[in-house]
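Trainee: Structure in C-alpha cells, see below.
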Amino acid sequence: MSAPIRLGLRANARQFALLVGLNALVGAMVGLERSVLPLIGKHDFGLRSSATILAFVVAFGAAKALTNLAAGDLAERVGRKRLLVAGWLVALPVPLLIAFAPSWWFIVVANLLLGINQGLAWSMTVVMKIDLAGPRRRGLALGLNEAAGYLGVAASAFVTGALAASYAPRTVVWVGAAVIAAAGLLISLLAVHDTGRHVAFEQQAHGSAGLARATLRGAFVRTSLRDPVLRACSQAGLVNNLNDALAWGLAPLYLAAHGASVREIAVVAAAYPVIWGAGQLATGWLSDHTGRKPLIAAGMIVQAVALGLLVAGDGAFAPSLAAALLLGAGTAMVYPTLLAAVSDASQPRDRARIIGVYRFWRDFGFVLGALIAGIGADATSPQTAILIVALLTGASGLLVAATSWQPRTALRAAPVP
C-alpha cells in the first residue's frame, strides 16, 4: 500500500532535496559553456563574426523554448519522470559532438540537443517541485530550485574557465558534459519518483466541478494574451533572457576585446550566476510575503542599470565585475518570482501547460537576445547592442509595474493538509 499523499516541503523533504541536487547538475551542464564556448568559436574555428559565433545561443534558445512548450503538454500526458529521463538521454550525444566537431556547426547542433535537454530536464524539476511544495511555500520552493540550478551554472562556468587556462578548453567542456550527463541520467532513472498523484491531490482542494482541463492552445492564448498577469510575466521572462543571452554570448567577447584574460572572463562569467543563484534563496522566500509584482518590476530595473554600467566601464575588469554582480542581483529578484507568479495564476491540473507556455516565451528571449547582440555588434558595436538590451529591460520593468496584479489572498486561504 502506497504512503498517503501530503503537500509541503517538510512532508516531501527527501524527494525535494533530490530534485534540488539534480537541478544543480542540469545547470552545470549548460554552465560548462558559459565562459569558454564563444572563445572556442573564435580561436579553434577562426570565426570573426559575432552573429556566427552566437548561432549556438540561437540554436540553444530555440530548441529550449519549443521543448518547454511541448514539455508542459506532454507532462500531463506521459508523466513528469519519463520526460526528465528523456531529457538526460538527449544530452548523451552532446559531449561527443563537441569533442569531435570538425566545424562550428557541429557545436551548434550540440547546442540544439543541449536546449532540448534543458527544456525537458529543467522544466520537469521545476514542475515536480511545485507539485510537491503546495501553494503556501511556492516562492521558497522555486527559489531553492533556481538557486541550485544557477549555482550549478556558476560553479561549472568558473571551473571550466579556470581549467581552460591550463588545458584545451574544448576538452574541458566535453569531458565535463559526459560526466554530468551520465550522473543526471542515473539519478533520474533510479531515485526520482513521479509527482502526478500530488497534482491530483492538490486539485481536490481547489475543486474541479465545472472546470475543463485547458488545452495547449487555450493555455497558450491565455498565457500570451488574455490574462494580464500571465502576459506581463511572459514578456518579462522573455526580456530577462534577452540580457542573459547577451551575458552568455557577447560579454566574453566584449571583455576579451578589451584585453581581459581567460581567468578574468571566467570570474565575471561565474559572478553573475553566483549572485543570481544564491540570491534566489532569499528572493523566492521574500515573494511569498511581499508579493510577486514589486520584486519583478524592481529586478528588471536593476538589470537595466547593470547593463548600463557594463557599457560605462568600457570593458575594464572592475566595473565589469560590478555589473555582473548587479545583474545577478536583479535576475535573482525576477527569476523565481516570475515562476511563482505564473504558478499562482494556474489551476494545478493546468499548471504544467501554462508554465510550459511561459517558459517558451522566456527562453525565446535567448533567440532574440543572441540575434540582437550578434547582429547589433557586427553592424554597430558591442556597446550599442548592450545599450539596446538595457533599454528593453528597463521598459519591461515599467510594463510590469503598470500591470494590475491580483492579490494572493485566495492562495493563503487554500486548505493544504
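The values are calculated or read from the model by the stated rules, or taken from the named source; none is laboratory data. Everything numeric in this text was worked out from a predicted model, so none of it was measured. Quick reminder, even Gly has a Cβ in these numbers, built from the backbone with ideal geometry, and neighbours come from all protein chains shown. Just the protein is used for accessible areas: all its heavy atoms, side chains included, with ligands, DNA and RNA removed. Shrake-Rupley method; radii C 1.70, N 1.55, O 1.52, S 1.80 Å.
Trainee: Would you please name the residue that is modelled with the lowest pLDDT, looking only at residues in region 251-284 that are β-branched (Val, Ile, Thr), within 17 Å of residue 162 (Cα to Cα) and open to solvent by 20 Å² or more (accessible area, probe 1.4 Å)?
Mentor: 262
Trainee: Also, quick follow-up: Any idea which residue in region 35-88 is modelled with the highest pLDDT, counting only those that are open to solvent by less than 10 Å² (accessible area, probe 1.4 Å) and of a type in the set (S, T, N, Q)?
Mentor: Top of the filtered list is 68.
Trainee: Looking for something surrounded by fewer than 21 Cβ atoms within 10 Å (Cβ to Cβ) and in contact with a Phe, Trp or Tyr (Cβ under 6 Å, 6 or more places away or on another chain) - is there at least one such residue anywhere in region 239-250?
Mentor: Quick first cut of region 239-250, residues surrounded by fewer than 21 Cβ atoms within 10 Å (Cβ to Cβ) only: none.
There is no residue in region 239-250 that is surrounded by fewer than 21 Cβ atoms within 10 Å (Cβ to Cβ) and in contact with a Phe, Trp or Tyr (Cβ under 6 Å, 6 or more places away or on another chain).
Trainee: Could I ask something else about it? When you scan region 354-362, do you find a residue that is in a helix (DSSP H, G or I), among the small types (Gly, Ala, Ser) and closer than 21 Å to residue 250 by Cα, even just one?
Mentor: No, region 354-362 has no match at all.
Trainee: Can you tell me which of 331, 337 is open to solvent by less than 40 Å² (accessible area, probe 1.4 Å), out of contact with any Phe, Trp or Tyr (no Cβ under 9 Å at 6 or more places or on another chain) and outside any loop (DSSP other than H, G, I, E, B)?
Mentor: Among 331, 337, only 337 is open to solvent by less than 40 Å² (accessible area, probe 1.4 Å), out of contact with any Phe, Trp or Tyr (no Cβ under 9 Å at 6 or more places or on another chain) and outside any loop (DSSP other than H, G, I, E, B).
Trainee: Now for a different question. When residues of region 91-130 are filtered for being farther than 16 Å from residue 187 by Cβ, part of a helix (DSSP H, G or I) and open to solvent by 10 Å² or more (accessible area, probe 1.4 Å), how many remain?
Mentor: Number of matching residues: 10.
Trainee: For residue 307, indicate whether it is of a type outside the set (Ser, Thr, Tyr), more than 22 Å from residue 221 (Cβ to Cβ), assigned to a helix (DSSP H, G or I) and open to solvent by less than 10 Å² (accessible area, probe 1.4 Å). Working first, answer last.
Mentor: Working: of a type outside the set (Ser, Thr, Tyr): yes; more than 22 Å from residue 221 (Cβ to Cβ): yes; assigned to a helix (DSSP H, G or I): yes; open to solvent by less than 10 Å² (accessible area, probe 1.4 Å): yes.
Yes; evaluated as a whole, the condition is true for this residue.
Trainee: To continue, here is another question. Applying the selection to region 377-403, what residues are part of a loop (DSSP other than H, G, I, E, B) and either open to solvent by less than 50 Å² (accessible area, probe 1.4 Å) or touching an Asp or Glu at 6+ places or on another chain (Cβ under 9 Å) (or both)?
Mentor: Within region 377-403, the subset part of a loop (DSSP other than H, G, I, E, B) is 380-381, 403.
Hits for region 377-403 are 381, 403.
Trainee: I've got another one for you. Looking at region 155-183, which of its residues are farther than 20 Å from residue 43 by Cβ, β-branched (Val, Ile, Thr) and open to solvent by 40 Å² or more (accessible area, probe 1.4 Å)?
Mentor: Passing the criteria: only 179.
Trainee: Considering only region 184-202, how many residues are among the charged types (D, E, K, R) and open to solvent by 50 Å² or more (accessible area, probe 1.4 Å)?
Mentor: First pass over region 184-202, keeping only residues among the charged types (D, E, K, R): 194, 197, 202.
Narrowing the set further to residues that are open to solvent by 50 Å² or more (accessible area, probe 1.4 Å) leaves 194, 197.
Matching residues across region 184-202 total 2.
Trainee: Continuing with the same structure: What residue, among those in region 355-369 that are open to solvent by less than 10 Å² (accessible area, probe 1.4 Å) and under 12 Å from the mean Cα position of the chain (by Cα), is nearest to residue 65 (Cα to Cα)? Show your work before the answer.
Mentor: As a first pass, look at region 355-369 and keep what is open to solvent by less than 10 Å² (accessible area, probe 1.4 Å): 355-359, 362-363, 365-366, 369.
Filter again for under 12 Å from the mean Cα position of the chain (by Cα), leaving 358-359, 362-363, 365-366.
Values: 358: 9, 359: 7, 362: 7, 363: 5, 365: 9, 366: 9 Å.
Out of the qualifying residues, it is 363.
Trainee: What are the residues in region 39-83 that are touching a residue at least 12 places away in the same chain (Cβ under 8 Å), under 30 Å from residue 266 (Cα atoms) and small (Gly, Ala, Ser), if any?
Mentor: Once the filter is applied, which keeps residues that are touching a residue at least 12 places away in the same chain (Cβ under 8 Å), under 30 Å from residue 266 (Cα atoms) and small (Gly, Ala, Ser), region 39-83 yields 41, 49, 50, 51, 55, 59, 61, 62, 63, 65.
Trainee: Ok, one more. Looking at region 310-328, which of its residues are open to solvent by less than 40 Å² (accessible area, probe 1.4 Å), more than 13 Å from residue 267 (Cβ to Cβ) and of a type outside the set (A, V, I, L, M, F, W, C)?
Mentor: Listed by number, the residues that qualify are 313, 315, 319.
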